[in-house]
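Worksheet: the structure to be examined is printed underneath.
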Amino acid sequence: MFARTRYIDWAIAHYGKAEADLATSGMPLRRIDAAKLAELDLDAPTAPAALTEKVARYNDVPEAEALATLGTSQAIFTTYATLLSAGDDVLVEAPGYEPLRRAAEGVGAHVREVERPRRGGYALDPDRFASMMTPRTRVIAVTHLHNPSGVAADPSALLELARMAEARGAWLMVDEVYAPFAHPPVQGVFSRSARKIHPSVVAVGSLTKCFGLGMHRVGWMLAPAEVIRDARATLISTCGHLPSSHAAIGASLLADVDAYWSATSRALEGRRAIVDAWLARHPALELSAHPSGIFGLLHVPGATDLLPHVERWIAERGLLVAAGTFFGAPDALRLSWATLGGEDLSRALDALADGLTDAGLPIDA
Ligand SMILES: Cc1ncc(COP(=O)(O)O)c(C=O)c1O
């Protein structure tokens, strides 16, 4: 059974409603150009195949190694449902993105957590994963960039994990939904998929976070051709095939991905500098993040569980920040600059500093 995801329930209740949003982890929605939409053949039976071809091209992998899905979420489910049997073990990272755990539990797997410690900069430590492997471990699930810390996975750590997975008859699933922030597409191609580093890597991703296109659910799974054949059977059993309208829109969005990326990079200009200047004024706070990412984990010294404070700030200040509680880091906040820029971002960060100070938490030294 698929248990409710506490974080997603909370996100649905609050995201998109607060005046000062420092929580949302993807770029704000962009509208599709109406003239382009009018040109698409939404009924074309060939649209799903055209989408697969575009997904493969965008990720720079052979078509036989690509499967289009409804967002990264369906790619995660499809990967688990294809590779796991009830009673198998899945390793997930802690802190981590809760649906990676719930989806594994939903298909009957046992989840074992592997720490990515704050003191180690939330780095992936293959030895920690090795120590948690059991004879029934079939999937190691990691995120790059890491949600919630925002840090990049070291390619050599990914390679080591992939080799370890192969040696033990398992797979390394790399969730790359945030990876284009670190490696933006060039001429419509994201050339750095972890799928290409080793045969035992399954990569999942989508256009959701980096391009403001999350509502269109354009996602994918990348894996060896024989795994993709099995995954297609999983997809056929659960939804037949993707809607032709979705596929036609998805192929068109992938064809225009450079333009969407340009809009993202323009929107983000100057934001990280605002965050860094704010941090410099509050030296007790410690932020982990990728230099080109849109969020990181803000460690608040002396904090225990920040969720009650976050809920008070939403109610009293219209200020929304993601409580680390939902990711297994209750003494931290996942701080995002995806939604706000300029003065609005500065004001929201100052409101957060006031909130932390009023909560009796030291932020200035
Ligand atoms: C690490 C990670 N993977 C997957 C998703 C879901 O992606 P999608 O909306 O494409 O299903 C999210 C959304 O927050 C995420 O943070």
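The values are calculated or read from the model by the stated rules, or taken from the named source; none is laboratory data. On a predicted model such as this, the values are computed, not experimentally measured, just so you know. Cβ atoms come from the backbone with ideal geometry, glycine included; neighbour counts cover every protein chain shown. The protein model used for the area step is the full one, side chains on, heavy atoms only, and it has no ligands, DNA or RNA in it. Shrake-Rupley method; radii C 1.70, N 1.55, O 1.52, S 1.80 Å.
Residue by residue, here is whether (1) of a type in the set (A, V, I, L, M); (2) surrounded by fewer than 21 Cβ atoms within 10 Å (Cβ to Cβ); (3) more than 24 Å from the chain's Cα centre (by Cα); (4) not assigned by TED's automatic domain parsing to the domain that holds Leu349 holds:
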site: Arg312; (1), (2), (3), (4): no, yes, yes, no
site: Leu319; (1), (2), (3), (4): yes, no, no, no
site: Ala323; (1), (2), (3), (4): yes, no, no, no
site: Leu333; (1), (2), (3), (4): yes, no, no, no
site: Trp337; (1), (2), (3), (4): no, no, no, no
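When Val177 is tested against the conditions (1) under 16 Å from the mean Cα position of the chain (by Cα); (2) away from the ligand (no atom under 16 Å from the Cβ), the lone failure is (2).
Taken together, Ala38, Ala86, Ala94, Ala47 contain a single residue that is within 23 Å of the chain's Cα centre (by Cα) and in the same structural domain as Arg168 (by TED's automatic domain parsing), which is Ala94. Applying a threshold of 8 Å to beta carbon distances and a minimum spacing of six or more residues, or different chains, the list of pairs starting in the stretch 57-81 at a residue that is assigned by TED's automatic domain parsing to the domain that holds Pro199 and ending at one that is aromatic (Phe, Trp, Tyr) and within 13 Å of the ligand (Cβ to nearest atom) reads Asn59/Trp220; Ala66/Trp220; Leu67/Trp220; Ala68/Trp220; Thr69/Trp220; Ala75/Trp220. Has the stretch 29-46 got any residue that is within 14 Å of the ligand (Cβ to nearest atom), open to solvent by 70 Å² or more (accessible area, probe 1.4 Å) and either of a type in the set (D, E, K, R) or in a loop (DSSP other than H, G, I, E, B) (or both)? Among the residues of the stretch 29-46, at least one is within 14 Å of the ligand (Cβ to nearest atom), open to solvent by 70 Å² or more (accessible area, probe 1.4 Å) and either of a type in the set (D, E, K, R) or in a loop (DSSP other than H, G, I, E, B) (or both), which makes the answer yes.
Based on what the data block shows, is Ser131 touching a strand residue (DSSP E or B) at 6+ places or on another chain (Cβ under 9 Å), more than 16 Å from Leu84 (Cβ to Cβ), open to solvent by 40 Å² or more (accessible area, probe 1.4 Å) and more than 14 Å from the ligand (Cβ to nearest atom)?
On the way: touching a strand residue (DSSP E or B) at 6+ places or on another chain (Cβ under 9 Å): yes; more than 16 Å from Leu84 (Cβ to Cβ): yes; open to solvent by 40 Å² or more (accessible area, probe 1.4 Å): yes; more than 14 Å from the ligand (Cβ to nearest atom): yes.
When the stated conditions are applied, Ser131 passes them.
Taken as a whole, the structure places Ala123 among residues that are open to solvent by 10 Å² or more (accessible area, probe 1.4 Å), away from the ligand (no atom under 16 Å from the Cβ), in contact with a Pro (Cβ under 9 Å, 6 or more places away or on another chain) and in contact (Cβ under 8 Å) with a residue 24 or more places away in the chain. Screening the stretch 208-227 for residues that are assigned to a loop (DSSP other than H, G, I, E, B) and away from the ligand (no atom under 16 Å from the Cβ) and picking the one that is surrounded by the most Cβ atoms within 10 Å (Cβ to Cβ) gives Ala223. In the set (1) surrounded by fewer than 16 Cβ atoms within 10 Å (Cβ to Cβ); (2) in contact (Cβ under 8 Å) with a residue 60 or more places away in the chain, the condition left unmet by Leu345 is number (1). In this structure, does Ala68 turn out to be hydrophobic (A, V, I, L, M, F, W, C), buried (at least 24 other Cβ atoms within 10 Å of the Cβ) and touching a helix residue (DSSP H, G or I) at 6+ places or on another chain (Cβ under 6 Å)? Criteria met by Ala68.
Has the stretch 67-89 got at least one residue that is farther than 19 Å from Leu242 by Cα, away from the ligand (no atom under 16 Å from the Cβ) and assigned to a helix (DSSP H, G or I)? Yes - at least one qualifying residue is present in the stretch 67-89.
Restricting attention to the stretch 77-90 and to residues that are of a type in the set (A, V, I, L, M, F, W, C) and open to solvent by 10 Å² or more (accessible area, probe 1.4 Å), the residue that is farthest from Pro291 (Cα to Cα) turns out to be Ala86.
For the criterion of being under 27 Å from Ala179 (Cβ atoms) and part of a helix (DSSP H, G or I), Thr52 passes. Do we have Gly205 as open to solvent by less than 10 Å² (accessible area, probe 1.4 Å), under 29 Å from Ile32 (Cα atoms) and not in a loop (DSSP other than H, G, I, E, B) here? It is true that Gly205 is open to solvent by less than 10 Å² (accessible area, probe 1.4 Å), under 29 Å from Ile32 (Cα atoms) and not in a loop (DSSP other than H, G, I, E, B).
Taken over the stretch 91-108, the criterion of being open to solvent by 10 Å² or more (accessible area, probe 1.4 Å) and either in a helix (DSSP H, G or I) or more than 12 Å from the ligand (Cβ to nearest atom) (or both) is satisfied by Ala94, Glu98, Pro99, Arg101, Arg102, Ala103, Glu105, Gly106, Val107, Gly108.
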